[in-house]
Amino acid sequence: MEIEEMCLWFGRCIQKLVLSVKKELLELECLQSKLDPALFYWLQNGQLQGLFLIHVDDFLWAGTNEFRNCVIDVISDKFQCGKKQDTCFKYIGLNISQNGDRVFLDQHEYTAELDQIRNSVCDVSGRKIERK
């Protein structure tokens, strides 16, 4: 299989996964955000109980125990989930940690990589360009 064909195949697989997860979330009475189609939310008695975010084949959720029992457990049973992490993890390049009722986000590793790139800029021949 050529690389271009593999990319198309992979893209179709991801699209199929996302559409399947979307269908299941809607059947579980989650609502899709009008502002961001990757974001779903679940209400009970008019109160927000949980959020579910899809990025390619990565999922991020936050919510009550009821949301976990009624939505997340069903999604987990229906779709094979690889790594499950909570409290401290990385999601799409963001470091996310929780301490009690506080959630912290940072991109320290990403910005450190940018500093390394910025400090090692080369010209087309591979010679390092000195920064002034």
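The values are calculated or read from the model by the stated rules, or taken from the named source; none is laboratory data. Everything numeric here is computed off the predicted structure, so don't read it as measured data. Backbone-built Cβ (ideal geometry, glycine too); neighbour counts: all protein chains shown.
Here are some notes:
- Filtering segment 75-97 to residues that are surrounded by 15 or more Cβ atoms within 10 Å (Cβ to Cβ) and out of contact with any strand residue (DSSP E or B) (no Cβ under 7 Å at 6 or more places or on another chain) leaves only Ile75.
- Restricting the search to strands (runs of 3 or more DSSP E) fully inside segment 41-112 and requiring at least 3 residues that are farther than 23 Å from Gln15 by Cα and touching a Cys at 6+ places or on another chain (Cβ under 7 Å) gives an empty result.
- Only one of the numbered conditions (1) surrounded by 16 or more Cβ atoms within 10 Å (Cβ to Cβ); (2) farther than 24 Å from Arg102 by Cα; (3) modelled with pLDDT under 90; (4) not aromatic (Phe, Trp, Tyr) is not met by Leu60, and that is (2).
- Among the residues of segment 29-40, the ones that are out of contact with any Cys (no Cβ under 7 Å at 6 or more places or on another chain) and closer than 18 Å to Asp73 by Cβ come to 2 in all.
- Scan segment 8-40 for residues that are surrounded by 14 or more Cβ atoms within 10 Å (Cβ to Cβ), touching a residue at least 24 places away in the same chain (Cβ under 8 Å) and not in a loop (DSSP other than H, G, I, E, B) and the total you get is 6.
- Ile54 modelled with pLDDT under 95 and more than 18 Å from Ile96 (Cβ to Cβ): no
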